[in-house]
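Engineer: This is the structure I want to talk about, given as structure tokens.
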Amino acid sequence: MVSESSSFLILDQSCDDAIEWVAEKIRGVGLEVLRTFDLHVARQAHIDCPCPHHGTDQCDCQMVVLLVYGSHQPVSIVAHGYNGRTWFSVVDTPQQQADPFLTATIRCAMAPQIFPSFNKNSENISHAK
């Protein structure tokens with residue numbers, strides 16, 4: 001499971017809805033997004049795979065890996081969702097170092113969601129006359 005401390009974005013949406021929103025925002029800043037892993041697809045071969053959170057029948061757990069391409073190496077984003085909430089994390093390890101510029105661009109694309117007070121202030125400023 002992805003912990004809240006390593007997540008750069010947490011949305012109160014199902015994983016599929018959250019991924020669609022995030023991909024749209026990322027594409028909106030001129031980057032490409034490729035879905036490379038989907039837990040639901042991987043689990044189709046394992047019908048009786050038990051879920052540690054919900055059991056087999058009630059499981060709404062999802063994990064998706066997105067590759068985000070800019071001009072150099074892609075950045076991997078892991079989306080992990082269950083119970084109507086989705087956590088997004090950038091993979092940045094010694095074995096797979098994330099491009100800081102690309103990571104910053106991705107975070108900026110999400111800025112209104114990551115910094116809701118910034119979004120409120122910018123709305124107030126843009127409507128002020």
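Engineer: Any idea which residue in region 99-114 is modelled with the lowest pLDDT, counting only those that are surrounded by 11 or more Cβ atoms within 10 Å (Cβ to Cβ) and either more than 16 Å from V29 (Cβ to Cβ) or of a type outside the set (A, V, I, L, M, F, W, C) (or both)?
Structural biologist: Q113
Engineer: Among H72, H80, which is the only one that is surrounded by fewer than 15 Cβ atoms within 10 Å (Cβ to Cβ) and either assigned to a strand (DSSP E or B) or of a type outside the set (V, I, T) (or both)?
Structural biologist: On the way: H80 fails: surrounded by fewer than 15 Cβ atoms within 10 Å (Cβ to Cβ).
Only one candidate qualifies: H72.
Engineer: Tell me, yes or no, whether region 61-69 has at least one residue that is modelled with pLDDT under 85 and more than 18 Å from the chain's Cα centre (by Cα). Talk me through it step by step, then tell me what you get.
Structural biologist: Let us first name the residues in region 61-69 that are modelled with pLDDT under 85, namely 61.
Narrowing the set further to residues that are more than 18 Å from the chain's Cα centre (by Cα) leaves none.
No: region 61-69 contains no residue that is modelled with pLDDT under 85 and more than 18 Å from the chain's Cα centre (by Cα).
Engineer: Applying the selection to region 1-36, what residues are among the charged types (D, E, K, R) and at pLDDT 90 or above?
Structural biologist: Applying the first criterion (among the charged types (D, E, K, R)) to region 1-36 yields 4, 12, 16-17, 20, 24-25, 27, 32, 35.
Within region 1-36, D12, D16, D17, E20, E24, K25, R27, E32, R35 meet the criteria.
Engineer: Further question on the same structure: Filter region 83-98 down to residues that are part of a loop (DSSP other than H, G, I, E, B) and touching a Ser or Thr at 6+ places or on another chain (Cβ under 9 Å) and give me whichever is surrounded by the fewest Cβ atoms within 10 Å (Cβ to Cβ).
Structural biologist: Q96
The values are calculated or read from the model by the stated rules, or taken from the named source; none is laboratory data. What you see is a predicted model; the values in this text were computed from it and never measured. Quick reminder, even Gly has a Cβ in these numbers, built from the backbone with ideal geometry, and neighbours come from all protein chains shown.
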